[in-house]
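K.L.:
If you scroll down you'll find the structure; I have some questions about it.
Please treat every number below as a calculation from the coordinates, not as lab data. It should be emphasised that the depicted structure is a prediction, and the values quoted were computed from it without experimental measurement. For neighbour counting, all protein chains shown are included, and Cβ atoms are generated from backbone atoms with ideal geometry for every residue, glycine included.
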Amino acid sequence: MMIELTRLALPVIQAPMAGGITTPQLVAAVANHGGVGSFGFAYSSPEKIQADLAAAQALTRGFINANFFIFNPVRLPNDSVQASALAALRCLDLDDAQVFTIPTAPFYPHLIDQLEPVWKARPAMLSFHFGLPPHGIIAQAHALGISVGVTATSLSEALAIQVAGANFIIAQGIEAGGHRGQFDWQAKDEELSTRELTTLLIKKCRIPIVAAGGIMNGSDIQALLTRGATAAQLGTAFLCCEESGTAPSYQHYLLTQQDRPTVMTKAFSGRYARGLENSFTRFMQDQTTLPFPIQNTLTGPLRQWATASNDAEFQSLWAGTAYAHIRSMSTGDLMQQLRSEIEAAKRA
Ligand SMILES: Cc1cc2nc3c(=O)[nH]c(=O)nc-3n(C[C@H](O)[C@H](O)[C@H](O)COP(=O)(O)O)c2cc1C
C-alpha cells in the first residue's frame with residue numbers, strides 16, 4: 001500500500017543530502033522514530049544504492065525515501081572556457097594543484113541504471129530534484145506501491161509536477177540549504193520564502209505539499225502544518241546528528257562559526273546551492289565555472305583534499321539560512337525533541 005504522508009506518526013522528512021551525509025544509520029533512525037529517512041543518491045552507483053538500501057532496511061521497517069537528481073544533457077564548453085576554469089583552481093596553490101583535470105563523459109550517472117536497485121528494494125518513497133523524471137518512471141513507481149515526490153521552487157513547477165502524476169510536492173523555499181531545485185537554473189528565480197511558497201502551493205495545488213527550507217524545530221514545523229502543509233522536510237537540522245556522515249570539520253563550522261552568512265554559489269558544482277561562505281566561495285566569485293555537474297567533478301579533488309585535511313575553507317558547507325539553530329545530538333533524541341516541540345506548539 002502506498003504511503004500516505006498524512007498518516008506519518010511524525011510529519012518529518014529528513015532531507016536527502018547527497019555526498020555521504022545520509023548514512024543508513026541516519027535514515028533508519030529517522031524512520032524508526034515515525035518520520036521518513038531519505039537517501040541522497042544523486043551521484044551514487046547502482047551497487048552503492050543497493051547496499052545502502054539493504055543496510056537501512058535491515059535496521060528499520062519504517063519509511064525510506066530514495067532521492068535522485070534529474071541531470072540535463074551537458075557538453076564541455078570551448079577550450080578557452082575550460083582553460084580558465086582549470087586555471088582558477090590551479091592558482092589556489094594546493095600541495096598538488098596538477099590534480100585538477102577536465103572531466104570526460106559520461107558526466108553523470110544514468111538514472112535508469114540507478115533506479116534498478118530501487119525497483120528491487122521498493123522503499124516507500126522516491127523523490128526527484130531539478131525536474132521531472134523521464135516519462136514512465138512515476139507510473140512504474142506507482143505499480144510497485146512507491147510514492148513519488150518532486151521539488152518545486154515556483155507555482156509553475158508545482159503545477160507541472162501535479163500534472164505529471166506525482167503524489168506530493170516538496171516546496172523548497174529560498175532559505176533552504178544545498179542545491180536550489182529549480183528546473184531551469186538559468187531562468188529567473190522568484191526566490192519565494194518557504195512560507196510564501198508553501199502557502200501559495202497549498203492554495204493552488206490539489207496534492208500534498210511538503211515544506212522545506214529553514215525549518216529547524218517543532219515550532220517551525222507546526223507553523224507550516226497549521227497553514228496546510230502535510231509534512232516538513234529538514235536537511236540542515238540533521239547535519240550534526242551522531243548518525244550523519246557530515247565531516248567533523250564541516251560540523252565544527254556549523255556549530256562554532258555562527259556569524260557566517262550563507263551564500264548561493266555555483267563555485268562547487270556549476271549550479272546554485274546554499275552554504276556557508278568560506279575562502280573558496282569568496283575566491284570563486286569572479287572566476288569561470290564549468291556547467292553542472294562537470295564543475296562538481298572538476299572540484300572533487302579539492303573537496304576531498306579539504307575534507308581529509310580538516311580544512312573547511314575549501315569544502316562545500318551546504319546549509320540553510322537558519323543553521324545557527326542546529327543541534328548536536330543523536331538522531332533519535334532530535335526526533336523526540338521535534339515531537340515534543342510540535343506538541344507544545346499545538347498547545348500554545
Ligand atoms: C547538505 C545538503 C545536501 C542536500 N542534498 C540534496 C539532495 O541530494 N537532494 C535533494 O533533493 N535535496 C538536497 N538538499 C536540499 C534539501 O532537500 C532541502 O531542500 C533543504 O535541506 C531544506 O532546507 P534546510 O537545509 O534549511 O532544512 C540538500 C540540503 C543540504 C543541507
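K.L.:
Over the alpha carbons of the chain, what is the largest minus smallest coordinate on each principal axis, giving the biggest first in Å?
P.N.:
Largest to smallest, the principal-axis extents are 56, 45, 41 Å.
K.L.:
Report the label-to-label distance for Thr288 and Leu59 in nanometres (one decimal), using points 7 Å from each Cα along the Cα→Cβ vector.
P.N.:
Those two pseudo-labels are separated by 4.4 nm.
K.L.:
Additional query: How large is ³J(HN,Hα) for each residue in the stretch 181-196, as worked out from phi by the Karplus curve 6.51 cos²θ - 1.76 cosθ + 1.60 (θ = phi - 60°), to whole Hz, x for Gly and Pro?
P.N.:
Karplus-based 3J(HN,Hα) across the stretch 181-196 equals x, 3, 5, 10, 5, 8, 6, 5, 9, 6, 6, 6, 6, 4, 5, 4 Hz.
K.L.:
Sorted from largest down, what three extents in whole angstroms do the Cα atoms of the stretch 1-61 have along their principal axes?
P.N.:
Extents along the principal axes: 32, 21, 20 Å.
K.L.:
With each run of n ≥ 4 DSSP H residues scored as -39500 (n - 2.57), what mean residue ellipticity at 222 nm is computed for the chain after dividing by its residue count and rounding to the nearest 500 deg cm²/dmol?
P.N.:
-10500 deg cm²/dmol
K.L.:
List, in order, the whole-Hz ³J(HN,Hα) value for each residue of the stretch 25-40 obtained from phi through the Karplus relation with A = 6.51, B = -1.76, C = 1.60 and θ = phi - 60°; use x for Gly and Pro.
P.N.:
Each residue of the stretch 25-40 in turn: 5, 5, 4, 5, 5, 5, 4, 5, 9, x, x, 10, x, 10, 9, x Hz.
K.L.:
So how compact is the stretch 284-348: Cα radius of gyration and Dmax in angstrom?
P.N.:
My reading of the Cα-based Rg and Dmax gives 18.5, 52 Å.
K.L.:
Quick one: which residues, 5+ away or cross-chain, put their amide H under 5 Å from the amide H of Glu175? H built at 1.01 Å from N.
P.N.:
Residues meeting the amide H criterion: Thr194.
K.L.:
Where a Cα-Cα gap under 25 Å defines reach, which lysines qualify for Lys188, not counting those fewer than 8 residues away within the same chain?
P.N.:
Lys203, Lys204, Lys266
K.L.:
Let me ask another. Would you mind checking the tilt of helix 46-59 against the longest principal axis of the Cα atoms of the chain, expressed as 0 to 90 degrees and rounded to 10?
P.N.:
Between the helix axis and the principal axis of the chain, the angle is about 40 degrees.
K.L.:
Hey, another quick one. Looking at the P(r) of the stretch 35-115, how many percent of alpha-carbon pairs lie beyond 23 Å? List each step's numbers first, then the result.
P.N.:
Details: 1526 of 3240 pairs.
That fraction is 47 percent.
K.L.:
Can I ask one more? For the stretch 165-175, take each phi angle, set θ = phi - 60°, evaluate the Karplus expression 6.51 cos²θ - 1.76 cosθ + 1.60, and give the result in whole Hz per residue in order, putting x for glycine and proline.
P.N.:
These are the phi-based 3J(HN,Hα) values: x, 5, 8, 8, 10, 9, 8, 9, x, 5, 6 Hz.
K.L.:
Can you return the lysines within cross-link range of Lys120? Criterion is Cα-Cα under 24 Å, with same-chain partners fewer than 8 residues away left out.
P.N.:
Answer for Lys120, where 24 Å is the Cα cut-off: Lys48, listed by chain and number.
K.L.:
May I ask for the net charge around Ala211, where only other residues with Cβ less than 14 Å from the Cβ of Ala211 are counted and Lys, Arg are +1 while Asp, Glu are -1?
P.N.:
Local charge sum for Ala211: 0.
K.L.:
Okay, next question. Compute, for the stretch 208-324, the length of the dipole vector about the Cα centre, with Cβ point charges of +1 (Lys, Arg) and -1 (Asp, Glu) only. Units Debye, rounded to 20. Please report the intermediate quantities before stating the final value.
P.N.:
On the way: 7 positive and 8 negative charges, 72 e Å.
Dipole about the Cα centre, nearest 20: 340 debye.
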